């Protein structure tokens with residue numbers, strides 16, 4: 001049954017992240033400043049992402065960040081997951097002209113979402129089982145993703 005609920009605390013936010021990721025069947029799309037609030041390094045959250053990527057060869061995890069520095073330097077589990085699943089996990093640092101964007105999106109299968117209205121605050125909205133409710137946010141993510149950016153690799157290239 002479709003539902004929407006307003007969130008007002010970081011505890012609610014963390015709880016919903018932990019509930020949404022295990023629900024993913026075919027796609028997870030994330031837009032965030034630097035992934036800090038999502039806490040993708042927590043073992044349970046990271047394992048939910050890994051299980052999602054193992055579930056199907058067609059599973060697709062796309063993450064767009066405004067700054068990839070923290071992900072690259074302080075997220076060894078996430079980087080290991082990127083290394084193992086580079087065929088269906090894409091991490092991109094968006095172009096600088098998108099730095100003014102202040103919201104955060106976590107979208108699962110185009111039907112579930114966790115939207116933070118401003119990256120500095122926990123106030124947001126949880127959307128469950130509502131493709132119609134998620135549609136504007138999925139469109140926004142696709143617009144952000146289409147802007148391109150710098151792909152992040154988990155392996156170091158060199159001679």
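The values are calculated or read from the model by the stated rules, or taken from the named source; none is laboratory data. Since the structure is predicted, the reported quantities are computational estimates derived from the model, not experimental observations. Here the Cβ positions follow ideal geometry from the backbone for every residue, glycine too, while neighbour counts run over all protein chains shown.
Only one of the numbered conditions (1) modelled with pLDDT under 95; (2) closer than 17 Å to residue 118 by Cα is not met by residue 41, and that is (2).
Scanning the range 100-115 for residues that are farther than 17 Å from residue 37 by Cβ and touching a residue at least 24 places away in the same chain (Cβ under 8 Å) yields 109, 110, 112.
Among the residues of the range 52-85, the ones that are exposed (fewer than 13 other Cβ atoms within 10 Å of the Cβ), in contact (Cβ under 8 Å) with a residue 60 or more places away in the chain and under 25 Å from residue 121 (Cβ atoms) come to 0 in all. Looking only at residues in the range 12-32 that are surrounded by fewer than 19 Cβ atoms within 10 Å (Cβ to Cβ) and in contact (Cβ under 8 Å) with a residue 40 or more places away in the chain, the one that is nearest to residue 105 (Cα to Cα) is 27. Only residues that are under 19 Å from residue 35 (Cα atoms) and surrounded by fewer than 20 Cβ atoms within 10 Å (Cβ to Cβ) were counted in the range 116-131, giving 8. Inspection of the range 13-35 finds no residue satisfying the criterion of being out of contact with any strand residue (DSSP E or B) (no Cβ under 9 Å at 6 or more places or on another chain) and in a loop (DSSP other than H, G, I, E, B). Checked against (1) within 19 Å of residue 113 (Cα to Cα); (2) in contact with a strand residue (DSSP E or B) (Cβ under 8 Å, 6 or more places away or on another chain); (3) surrounded by fewer than 21 Cβ atoms within 10 Å (Cβ to Cβ), residue 88 passes all but condition (1).
Yes or no, residue by residue, for (1) surrounded by fewer than 16 Cβ atoms within 10 Å (Cβ to Cβ); (2) modelled with pLDDT under 95; (3) outside any strand (DSSP E or B):
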position: 100; (1), (2), (3): yes, yes, yes
position: 105; (1), (2), (3): no, no, no
position: 114; (1), (2), (3): no, no, no
position: 133; (1), (2), (3): no, no, yes
position: 137; (1), (2), (3): no, no, yes
position: 141; (1), (2), (3): no, no, yes
position: 145; (1), (2), (3): no, no, yes
position: 156; (1), (2), (3): yes, yes, yes
position: 159; (1), (2), (3): yes, yes, yes
